Structures are given as structure tokens and as C-alpha cells.
1. Counting helices only, and only those DSSP H runs with n ≥ 4, report the 222 nm mean residue ellipticity of the chain as the sum of -39,500 (n - 2.57) divided by its residues, in deg cm²/dmol to the nearest 500.
2. Tell me the Kirkwood hydrodynamic radius of the range 266-386 in angstroms, computed as one over the mean inverse distance between distinct C-alpha pairs.
3. Classify the range 177-259 as rounded, prolate or oblate, taking a ≥ b ≥ c as the square roots of the eigenvalues of its Cα gyration tensor: rounded when a/c is under 1.5, otherwise prolate if a/b is larger than b/c and oblate if not.
4. In whole Å and largest first, what semi-axes does the C-alpha gyration tensor of the range 92-353 yield when each eigenvalue is scaled by 5 and square-rooted?
5. Can you give the % of DSSP beta bridges in the range 92-353 that are antiparallel, to the nearest 5?
6. Net charge around Leu300, counting only other residues with Cβ within less than 10 Å of its Cβ (Lys, Arg = +1; Asp, Glu = -1)?
7. Give me the percent relative contact order of the chain, please, defined on Cα pairs under 8 angstrom at least 6 residues apart.
8. Can you give me the relative contact order of the range 374-551 as a percent, contacts being Cα pairs under 8 Å and 6 or more apart?
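The values are calculated or read from the model by the stated rules, or taken from the named source; none is laboratory data. Bear in mind the structure is a predicted one, so any value in this text is a computation, not a measurement. Positions of Cβ are generated from backbone atoms using ideal geometry, with glycine treated the same way; all protein chains shown enter the neighbour counts. Ligands, DNA and RNA are excluded from the accessible area calculation, which covers all protein heavy atoms including side chains. Shrake-Rupley method; radii C 1.70, N 1.55, O 1.52, S 1.80 Å.
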Amino acid sequence: MPHQRRIERLIAAMTLEEKIGQLGAFADALRPFAFEVNPETFARDAEQVREQIRSGRVGALFNGVGAAEGREAQRIAVEESRLGIPLLLGADVIHGMRTVFPIPLGEAASFEPDLAERTARATAKEATAAGIHWTFAPMVDVARDQRWGRVAETSGEDVYLSCEFAAARVRGFQGGDLTAPDSLLTTPKHFAAYGAISAGLDYNFVDMAPQTLRDVHLPPFKAALDAGALTLMSSFNDINGVPASANRELLTDILRGEWKFEGFVVSDYTSDLELVAHGYAADEADAAQKALSAGLDMSLQSGVYANHVAALVEQGRLSMAEVDEAVRRVLHVKAAAGLFDDPYRCLDAAREADQSHIPAHDALARDCARRSIVLLKNDGDVLPLKKSGQRIALIGPFAQDTAHLGGCWNIFGDASRMVDLETGLRAALDDPSALVVVPGSGIEDAVEGGIEAAVAAARAADVVLLALGEPHDFSGEAQSRTQIVIPAAQQALAEAVAATGTPVVVVLRNGRALALEGAVREAQALLVTWFLGTQTGPAVADVVFGDYNPSARLPVSFPQDAGQQPYFYNHPATGRPNVPGTPRFFQTRWREVPHAALYPFGHGLTYTRFEYGLPQLSATRLGWDDTLTVRTRITNAGARDGEDVVQLYVRDRIASRVRPVRELKRFRKIALAAGQSLDVEFTLTRADLAFHGVDNRLAAEPGLFDLWIAPSATTGEAVQFELLAP
Ligand code: BGC
């Protein structure tokens, strides 16, 4: 560590209270914001916080905003505290700051990690200008149950896709130089397996094979750390009975022992204190002891370290060496971020005023948003619509809405810049009066006369755009749903509109995969638009009118029915696979629906048509240390230029543990002009085929593999190759 000497000198000079101070982060009562996100913020008043900083009893503040106020807090820390250790100022800056980009799940649908890197870079510029050093992002949990409200914050159900987006976002937020004025430190979260909570119920238990933990849930964290992340956030859940926030195997054995992580781990919001409610700690002191000794360095908001660590050290229940080690990690991160050399980094009010709106970010937000829209279905090529000569009825509670564009983590977004659907669509039309707008229904409640007005508008139109779905607060923390369907009032609206016979294009707003029913499922066309942020209206208009040819793909499987959850494409093979159309009765199926998605992971249409050649392998036998090259010719056989997401999947045919029916190993988005062909090439080595075996060690096993290059997780023709023994 380059700053080692300075850090050791400081530790030697610190009192125990000052050391404990570095291990506490508290909601920022000096520049409070987002009361609804952190209601406890106001439990302390500003003067108390100033005194806390002055006496060296706080290491970090979070979820405050504002360069001038942040500078004043930092001035107290640096000039008025005994040792002058700078504060770290953190916040939940998740998918945009003033400019709001699509929710992470939506952005993952672009299958363009470099796009996520660019939006994270833009976000970092805005956040660091507003007095923030450190973000509690990216969320890298793998989400396999769509009932979970926090699916919206993830990159979906696939491990490889999640790894690619995790690394890209870390690179984007942090940039190349952690001490640069626009570098935002990252905190991949929530370590670990939070995405596997039982029944999709937030905070619930996790009971899983250690191999699944390592094969599915840990890799995105490793990818984020390899990309340079220096802090991690522990999760609320327990794993096989041991809460993650006091889990020595995770926080010490794996993270520090195996992965050699040198940064610090911060708890989730009061997750250390919650060891008591879990029944894992007898009281707050016991919780502090268990968490700190397991490897949890910084306590977020609960105050249990501040209140109990000194006594625990005096009683010999925690050693000074344990406390010093946690302090060392925190100081290491502050040093790596350049805060000892320039504590006022990111705290420049003039820069904040100048960069509160960076116009180039609007264009990026629009491009990212349209690249996140998935075209699920387009019967009879009803889309794209024409900009003139077509009467369009825009119907639904999200037609004129700006309150539900930002998504569940939009706490700092500039509400005045949000562009709704109506505005975006009307601006794109040659004759703006061709668009008629009728809400038709509230989000969860019918409105009087709404359906009648909607039906009249649909009858008078050539085509209906039906803006339906979930409000933003159906997603996010503590927003698990049992029925992942469209609210009944909106479904009733859809049925009435469809009954007019006018073609319907559903513009779905959603923070998770939904179980689509009735008229929504049967609509002529379906666009999945997630929560797209600031530029929602223009981005949807770009796709609806064909100025942008949709290219996104599902990062989560859309089920046939809500009751299938958890459903994910890469499930282990059962002994009785479901083969629809076969007479066998005793199969892995539901009475009502097959064991399959309605729209699988990776699916998404475009306004053109891509044809796939059969994959050509460099050899059908892969030597233990060799590289396999796979090539496929992709042709744009349609009449429009377009982009395709070429996906490579494998299946290990016979293994010592049951393997998934398919696993994504590579993907690439390519742009092809109408009529153009391209040979797309991928390489694989045995590392791509490795999994954790019965002994919980990572290894590939020799034998036969299926390989697909396909446009989704359930299409394509398999070719085989054999991995040879060493
Ligand atoms: C969430 C975290 C978030 C933290 C701080 C918690 O409730 O789980 O994702 O970073 O609060 O606001």
C-alpha cells in the first residue's frame, strides 16, 4: 500500500474513540435530502453532527447533497478535529444523478456494458460535482425471482451478464484515476446472495448450496473488485443461518483470504444491529462484536459500533488489533481516493453550479433509453408507426406521467427535465394533432368514465398505444409482490380497448419481468420500457416511429404465469424434462403452463430479420489447455439496418453435479446494414466451462458439451464439442 506509513502513523496517534469514529457512517443531517429514503436522518440535528465531526467520532456521512455544505463538513473534519482525517461523503447514486438514466435492469437489456460504463461516467461527473465521493452502487446481486422488488436494481438473472455490467459500471463510476475530480468510489452490493432471498420476499432467509453461492452469486462481486472497487456493502439476509453482516466465511475467508481484498466492507443500513432481530446476537453489544470480528469494518447508521466497541475492547471481547485492522482499511480507501492530499475534492460550489446540467447527458440518456427498450412481439409489423396519416390513441395512466419515469432509486434526479410519453410522441409526429391522449384509468383504481372515453378514442384511431404497467414504487426495497401482474384496473382498461378491434401496441412500464395476461399478452405488439428516466418520451418515440430500430434483449425471463417464480432460464436439468407435445404425463410441468418462459432470457425482436448460420468450431475436441474458436455467419435478411445481440450458450452434458440446461458464456451486439453479413467469432477455454464441484472447488470436467450461438436462451441448434482430459 503506497500510503501505508501515513496510515500507520495515524493509527498510532488515534485514541480508541477516534478509531471507532472512523468505523461509523451516518445519514447526513448537515445537508439532508430524501427524507423518505432515510427517515432516521433527522434523528440527529445538524449541530450534533458538527460536534461529532469535530471530536473525530464519524468517518463518513451519506445521502446528503450539495458542494458548499459538504465543504463545510469537511472543513470541520480537517481543520477542527484533532487529527484532521477527512470525511468520506457517500450516497445512493444508482442510475443517474440529475440526469436519470434507465433503471439498471433496463440498461442491462441493452446488452451493452460499454453503454453502462458511459452512463456511470456521466453519473459520476454529476455526483462528484454535487459533493459526493462515494456511491452505494453498483448493485450486482443476481436476481432469479421476479417477485423481489429489487430486481429493478440488478442486471437480471444471468451470471455472465451481471459480471459484465458490474465491471463496466465500476470502471465508469470510478474512471481511470481514483483521485481525479470526477472519480466516484463504488460499493458493489449486497454481499452476498441477497438476490436469492426465499420466495422473493425482501430480507428473507437464503438457504443454498455453497456451490450455488460460488457459481451464481459471488462472481459479479469478484468481477467488480477486479475492476477496481474498493468498498463492498454487506447484505441484510442470512446465508445458511449466518447473517451476511457477521459472516466470517464471506467477509474474511473469501473476501480477504481468497480474493485479497484490501478495501473495507460497510454494513447495509443498520444490518449489524439487525443481528439481534435475526436472533444471531443477544444484544447490540453482541451484534457489534460479532459483526466487527467477522470482518465488517464500517457500521452504516445503526451506531452500534459507536455505542459498544470501546466497552468490548475494554472487556477483551474485541482486540485492539481487530479494531486497528478495520480502521486501516477505511483509511486506505480514503488515501486511495486522494482525500488526505485534497480533502476538498468534489466540494467545489462553482463546479456544482456549472455542472448541474450537462446537456450532452440528455443525448446519452435518450440513446441509453432507446437501447434499453425490448420489442417482445410485433404481429403483422404493426410497428413502427407512421409519423403522418395514422390516427394514434395514446391510452393509459402512464401516458402523461412524469412521476413514474425515474424508477425506484431516483432520489437526486432533476424532476423538471423529465419528458413524458405524450410530449415525446407528439414532438416526433409530422402532425401533432394526430395523437389523442386518454388516461382511461388510474394506476390501481378505475376512473369514472375512463373506460368509455378510452374505448371511444380507440374506435376513432387507427392504432392504440397502451401505456400500462407498474408504478415506480412497486419496485425497490421492501416492495416484493406475490402476483407479478398488471393491476386489475389497468387490465380491465386493456380488455375494453382490445375489444374495439383497433390494433394495440402495449408500452409496458415495469421494474421486473411481469406475467402478462389477457389483452395485454394478446396485443399485436409489446414494448418493454422499464423505467427509462429523463428522456423516456423521446426514446419511446424513437422506437415507436422507427427512428431507432430496437436492439435490446430480456435480461430476465418473462414467465407464462406468476406462480412459476422463481423461474430463470439457466435452471439445473431435472430428471423429467418438460417436452411439450409429448404424451408423457409425469414431466416437470405445471398443470396450467409448461416449465418454460413466455418470452425467454435473451429474447427481443427488431424491425429487421437476422439469420444465423450453424456455428463452425475450430475443432470438435478441445485440448485441456487449448482455445476453442467458434464462428457463425449472421445475416441481416430484412430491409432495414439493425443491431443484433449474438449470444453463445453452453451446456455441460454429463458432470459430477447437475448442470444448468444452458448458460450464457459470451455475447456481442453487432450492427448490420440491410443485406449485410458478418462472421462473428468467439473463443472459449476450459475456464469458461468450470464450476464448483462436490468438493466446492472450481474446475472444468472433461466430456461432452452442447454449444449454441443463438438469438435467445431457448432458440438455435446445438453443436457438440468434447473437452479432453489433461
Ligand atoms: C439499501 C441499500 C442502500 C442503503 C443506504 C439500504 O436500505 O438496502 O441498497 O445503499 O439503504 O441508503
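1. -7500 deg cm²/dmol
2. 19.1
3. Prolate shape, in that a/c is at least 1.5 and a/b is the bigger ratio.
4. Details: eigenvalues 160, 116, 45 Å².
Result for the range 92-353: semi-axes of 28, 24, 15 Å.
5. Once the DSSP bridges in the range 92-353 are tallied, antiparallel ones form about 25 percent.
6. -2
7. Relative CO of the chain lands at 13 percent.
8. 34
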